[in-house]
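One structure is given below, encoded as structure tokens.
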Amino acid sequence: MSFRIRNADPSDAQQLTRLADAVSAEPEAWLISVAGEWRSAGDERRFLKAVRRYPHASVLVAERDDGTLVGRLSVGRDPHPASTHVADVGLMVALDARRQGVGTALLEAAVAWAREAGVRKLELHVFPWNEAAIALYETFGFEREGYRKRHYRRGGEFVDAILMAYEIE
Ligand SMILES: CC(C)(COP(=O)(O)OP(=O)(O)OC[C@H]1O[C@@H](n2cnc3c(N)ncnc32)[C@H](O)[C@@H]1OP(=O)(O)O)[C@@H](O)C(=O)NCCC(=O)NCCS
């Protein structure tokens, strides 16, 4: 599969919402979200429009040669004045496009964005059962920094998460 990484455009909202809905519907519930729901296409469009004008966050997409979006990564700087050198990452790849380097390519683009933005550290939370994501992050160079007990609400329960981080040289 051939694909390219580019900045998301507000006109990607429909496709990105479909991608997020499909990933959210996977029974393993990989994504950290409220009630397993992603934002609406309208909200995603408004979000992407705002991000385009905002220097402290970015949304990157992986686009297959036929125009299909097969991956989405968001990265946003920590708002606390003492940790503005840190940014949080969110990532998803379409089920039929996995294990083909899309996740890695999106992370590489996030590192490039971070360098430009003066961000020195990427961090993320991943559910302990998400072996694919943990393997990707560890292969990429992320390290485990902590274990958050009952940190996220998921349906009627509170679930644990692993905190991982990548230091940018
Ligand atoms: C986790 C996810 C983003 C990985 O994306 P991807 O495009 O498949 O990742 P890559 O192809 O770049 O994988 C790079 C390496 O990570 C590791 N890896 C990725 N998926 C793996 C899996 N299912 N099992 C074991 N190792 C895996 C491998 O070392 C892989 O290299 P290889 O394929 O040469 O062996 C993707 O599975 C996904 O979107 N899952 C659902 C949503 C999700 O979990 N998001 C992250 C929330 S924190």
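The values are calculated or read from the model by the stated rules, or taken from the named source; none is laboratory data. Keep in mind that what you see is a predicted model, and the values were worked out from it rather than measured. Reconstructed Cβ throughout: ideal geometry from the backbone, glycine too, with neighbour counts over all protein chains shown. Heads up: the accessible areas ignore ligands, DNA and RNA and are worked out on the full protein's heavy atoms, side chains in. Shrake-Rupley method; radii C 1.70, N 1.55, O 1.52, S 1.80 Å.
The residue list Ile162, Ile134, Ile168 contains one member that is in contact with a Phe, Trp or Tyr (Cβ under 7 Å, 6 or more places away or on another chain) and surrounded by 15 or more Cβ atoms within 10 Å (Cβ to Cβ), which is Ile162.
Does Arg148 meet the test of being under 14 Å from Ala8 (Cα atoms) and either out of contact with any Pro (no Cβ under 9 Å at 6 or more places or on another chain) or not hydrophobic (A, V, I, L, M, F, W, C) (or both)? Full working, then the answer.
Working: under 14 Å from Ala8 (Cα atoms): no; either out of contact with any Pro (no Cβ under 9 Å at 6 or more places or on another chain) or not hydrophobic (A, V, I, L, M, F, W, C) (or both): yes.
Answer is no for this residue.
Has segment 55-68 got any residue that is of a type in the set (S, T, N, Q) and either free of Cβ contacts under 8 Å to residues at least 12 places away in the same chain or away from the ligand (no atom under 16 Å from the Cβ) (or both)? Steps first, please.
Just the residues of segment 55-68 that are of a type in the set (S, T, N, Q), to begin with: 58, 68.
From what's left, either free of Cβ contacts under 8 Å to residues at least 12 places away in the same chain or away from the ligand (no atom under 16 Å from the Cβ) (or both): 58.
Yes, segment 55-68 has at least one match.
Applying the criterion of being under 11 Å from Leu73 (Cα atoms) and open to solvent by less than 10 Å² (accessible area, probe 1.4 Å) to the residues of segment 104-127, the residue that is farthest from the ligand (Cβ to nearest atom) is Ala110.
Tell me, please, whether a residue that is outside any helix (DSSP H, G or I) and out of contact with any strand residue (DSSP E or B) (no Cβ under 9 Å at 6 or more places or on another chain) can be found in segment 141-148. There is no residue in segment 141-148 that is outside any helix (DSSP H, G or I) and out of contact with any strand residue (DSSP E or B) (no Cβ under 9 Å at 6 or more places or on another chain). The set of residues in segment 71-128 being assigned to a strand (DSSP E or B) and of a type in the set (Asp, Glu) consists of Asp88, Glu123.
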